[in-house]
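Taking it in order: structure first as structure tokens, then the write-up.
The values are calculated or read from the model by the stated rules, or taken from the named source; none is laboratory data. Values in this document were obtained by computation on a predicted structure and should not be read as measured data. Cβ atoms come from the backbone with ideal geometry, glycine included; neighbour counts cover every protein chain shown.
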Amino acid sequence: MDQASSLRKIVKRQAPGSIKKNAPAQKHKGDDMTSPRVISVTSGKGGVGKTNIVASLAMAFSKLGKQVLILDADLGLANMDIIFGMRPEFNISHVISGEKELSEIIVDVRPGIKIIPAGSGLEDLTTLTEGQKLHLLSEFEALDGTVDFVLIDTGAGISSNVIYFNLAADECIIIATHEPTSITDAYAMMKVMSNNHGAKRYKLLVNMVKDANEAKTVYLTLSQAVDRFLNGAVLEYLGFIPHDEKLKTSVLNRKPVMELYPDAPSSRQIADKAKLILNTPLAKGSEGNVKFFMKRFMAYSQALNG
Ligand SMILES: Nc1ncnc2c1ncn2[C@@H]1O[C@H](COP(=O)(O)OP(=O)(O)OP(=O)(O)O)[C@@H](O)[C@H]1O
Ligand SMILES: [Mg+2]
């Protein structure tokens, strides 16, 4: 058994009967809403568009009637707040320290979109006492039934924290551009996750390309390397987002491109990807609620760090 699946088993054993096995990937409002789809958006190289893509993807899901929670997990250079033009006073570190309740730090940025702002403290959960961990988990429990999607904007690179978020998520979207360094760094990320942690499924979204052909070349390069060298790993092609000056202008205006220019080429592609994700059930179903996502995250950081 690989390390990731044995850890998942440990997490499940810690909470017998609490996780729904083979839960349907998609929930409609009114159905059991306790299993949001947790998607991490990650990259090997920095500056490839993760934060902008998460922000506009969240807007696209909300337009489709879904409730979205963004976890700004870029603990070093959090800038989701900038894209939404907000300046959060508190962040997750205040919840970890016990100064604030989770509900007090969550920001409603747009109808149907909430953000948990990043903060220090998630880097090394091994330093938390059992009491602090239980408190943190019970705070996350309160989110049950309130969200359909959790989108995680991770930091770049293969630091352990980024890896744990990716492992704990139900699915992992890797963002790469056509730059060679972005491609090699995306491969390095999948190599570590596949070889060291047994994570085998990834989706690729190629950003800042001139057209579909350029994106396909990036996908072919990466998928050939994955097929050849990463035993059993599968890289799916989610699609591409074109290089778009409108996206840059929207960053300057501190708004997601989906909001400022819903008809821009990048917005159209992101809207399309949101629909595609919604219409593609998860391969193995969502493994529990937001609390259990956090629990998995903690278990990975404990087992691999501590
Ligand atoms: N499709 C696009 N077209 C044009 N420019 C883009 C596009 N996507 C991203 N950019 C540019 O790249 C910059 C970086 O994007 P963003 O901050 O979303 O990347 P990131 O991957 O989150 O970076 P980091 O790794 O630092 O968190 C944006 O400010 C924007 O100027
Ligand atoms: Mg970012």
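Looking only at residues of segment 140-195 that are among the β-branched types (Val, Ile, Thr) and within 16 Å of ligand 2 (Cβ to nearest atom), we find that the one that is farthest from the chain's Cα centre (by Cα) is Thr177. Looking across segment 47-72, the residues that are near ligand 2 (Cβ under 10 Å from one of its atoms) and not charged (D, E, K, R) come down to Gly47, Val48, Gly49, Thr51, Asn52, Ile53, Val54, Ala55. Pairing each residue of segment 68-85 that is within 22 Å of Gly145 (Cα to Cα) with any residue that is part of a strand (DSSP E or B) and among the aromatic types (Phe, Trp, Tyr), provided the two are 6+ apart or on different chains, yields C-beta distances under 6 Å for Val68/Phe149. Checked against the criterion of being within 12 Å of ligand 1 (Cβ to nearest atom), in a loop (DSSP other than H, G, I, E, B) and either touching a residue at least 40 places away in the same chain (Cβ under 8 Å) or farther than 21 Å from Val48 by Cα (or both), segment 279-301 contains not a single residue that satisfies it. Checked against the criterion of being of a type in the set (Ser, Thr, Tyr) and either touching a residue at least 60 places away in the same chain (Cβ under 8 Å) or surrounded by 20 or more Cβ atoms within 10 Å (Cβ to Cβ) (or both), the candidates Thr184, Thr221, Thr249 yield just one match: Thr184. Residue under question is Gln269, and the condition is that it be part of a helix (DSSP H, G or I), over 30 Å from Leu134 (Cα atoms) and more than 21 Å from the chain's Cα centre (by Cα); does it hold? Criteria not met by Gln269. Among the residues making up segment 45-71, those that are near ligand 1 (Cβ under 10 Å from one of its atoms) and either within 14 Å of the chain's Cα centre (by Cα) or under 19 Å from Leu260 (Cα atoms) (or both) are Gly49, Lys50, Thr51, Asn52, Ile53, Val54, Ala55, Ser56. Considering only segment 148-160, state which residues are assigned to a helix (DSSP H, G or I) and among the acidic types (Asp, Glu). Listed by number, the list is empty, since nothing qualifies.
Check segment 32-41 and report whether any residue there is more than 16 Å from ligand 2 (Cβ to nearest atom), modelled with pLDDT of 95 or more and surrounded by fewer than 22 Cβ atoms within 10 Å (Cβ to Cβ). The answer is no; no qualifying residue exists.
Collect the residues in segment 252-266 that are part of a helix (DSSP H, G or I) and either surrounded by 20 or more Cβ atoms within 10 Å (Cβ to Cβ) or touching a Lys or Arg at 6+ places or on another chain (Cβ under 9 Å) (or both), keeping them in residue-number order. Correct list: Val257, Met258, Glu259, Leu260, Pro265, Ser266.
The residue that is surrounded by the fewest Cβ atoms within 10 Å (Cβ to Cβ), counting only those in segment 141-181 that are among the hydroxyl-bearing types (Ser, Thr, Tyr) and within 19 Å of Asn289 (Cβ to Cβ), is Thr146.
Does Leu204 qualify as being touching a strand residue (DSSP E or B) at 6+ places or on another chain (Cβ under 9 Å) and more than 16 Å from ligand 1 (Cβ to nearest atom)? Against the criterion (touching a strand residue (DSSP E or B) at 6+ places or on another chain (Cβ under 9 Å) and more than 16 Å from ligand 1 (Cβ to nearest atom)), Leu204 does not qualify.
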